[in-house]
Each structure stands twice: as structure tokens, then as C-alpha cells.
Amino acid sequence: MATAWILVANASEAKVYSNKGIGKGLEVVARLSHPDSRKKTSDLVSDRPGHMAGAGNGHGSHVPPTDPKHHQHDIFARELAHQLDQGRTANSYQRLIVVAEAHFRGLLNGVMNSQVSGLVSDTIDKDYTKLSDKELATHLEKVIYL
């Protein structure tokens with residue numbers, strides 16, 4: 001039977017589980033966290049926005065093109081995509097289930113390579129990172145036989 005990996009993630013923490021078949025349950029493969037994703041925007045930037053001369057008598061301010069929190073979420077999504085690709089190249093799994101809140105899952109979809117994306121069999125748009133393993137197994141019954 002093919003091994004399935006289940007990624008349960010949000011923008012600041014993730015767990016990767018493995019299921020090796022019917023009756024085998026869930027085994028934690030990796031726990032990852034990205035504390036910077038939980039920080040306030042004011043803690044992520046070093047200064048206030050810079051000022052620049054505007055047209056006429058007013059002044060403008062320079063706003064970064066990307067929200068610092070969104071940038072941190074993107075960094076974590078790339079880290080997770082790299083972890084999933086390493087598992088794929090090591091042939092650790094043949095099927096991938098992604099469980100993440102819709103916005104973060106969209107970030108993951110944008111950074112996963114085509115080989116990993118091709119292994120995704122199911123997606124669940126929920127944040128189940130705070131659930132116990134037993135509660136998680138109950139929610140996954142529809143997509144995998146535990």
C-alpha cells in the first residue's frame with residue numbers, strides 16, 4: 001500500500017504525518033514552526049515608513065510593496081514546500097493530503113513544484129493544527145482509511 005503524507009498547517013506552524021496503510025494510524029514525521037508569522041507587523045519592520053517629497057506642498061511616505069506578515073507567511077510556505085519536496089525525492093510518500101486554511105493553502109500551491117503538486121490527492125480548507133491526533137484522525141476519515 002502507498003504511504004500517504006498529511007500536511008496539517010497554518011501560517012505559523014505545521015505537522016507532517018505519515019500513514020502507511022489501513023489500520024496503521026498517523027505517525028508524526030515532522031513538526032515545523034515559524035514564530036515570525038505570529039509577530040505583529042510593527043515587530044517585523046525596523047522603522048516607520050520613510051518620508052519622501054511629494055508633488056506640491058505635501059509629503060508622501062514609502063510603504064513596502066509587500067506586507068511584512070504576508071512575507072513571513074510566504075517564507076514559511078516555501079520552507080514547507082521544500083520539506084515536502086525532500087520527502088518526495090527520498091520516496092517517503094506517494095500520496096499527499098494538504099490540510100490548511102484556504103489563504104495559506106493558496107500560498108503553498110503557489111510555491112510547490114509540479115512533482116509535489118501532482119502527488120496531492122485531497123485538500124481540506126481548515127486549520128486543524130490545534131487538534132489532537134485522535135481528533136485529527138476523525139476529521140480525516142473521509143479522505144484516508146486509518
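The values are calculated or read from the model by the stated rules, or taken from the named source; none is laboratory data. What you are looking at is a predicted structure, and each value in this text was computed from that prediction instead of being measured. Positions of Cβ are backbone-derived with ideal geometry, glycine not excepted, and every protein chain shown enters the neighbour counts. Protein only, heavy atoms only, side chains kept; ligands, DNA and RNA dropped before computing areas. Shrake-Rupley method; radii C 1.70, N 1.55, O 1.52, S 1.80 Å.
Observations on the structure shown:
- Among the residues of region 78-89, those identified as free of Cβ contacts under 8 Å to residues at least 40 places away in the same chain and open to solvent by 70 Å² or more (accessible area, probe 1.4 Å) are ARG78, HIS82, GLN86, THR89.
- Here ILE75 passes the criteria (1) at pLDDT below 95; (2) touching a helix residue (DSSP H, G or I) at 6+ places or on another chain (Cβ under 9 Å); (3) surrounded by fewer than 11 Cβ atoms within 10 Å (Cβ to Cβ) except the one numbered (3).
- The conditions of being farther than 16 Å from VAL16 by Cβ and at pLDDT below 95 are not met by GLY118.
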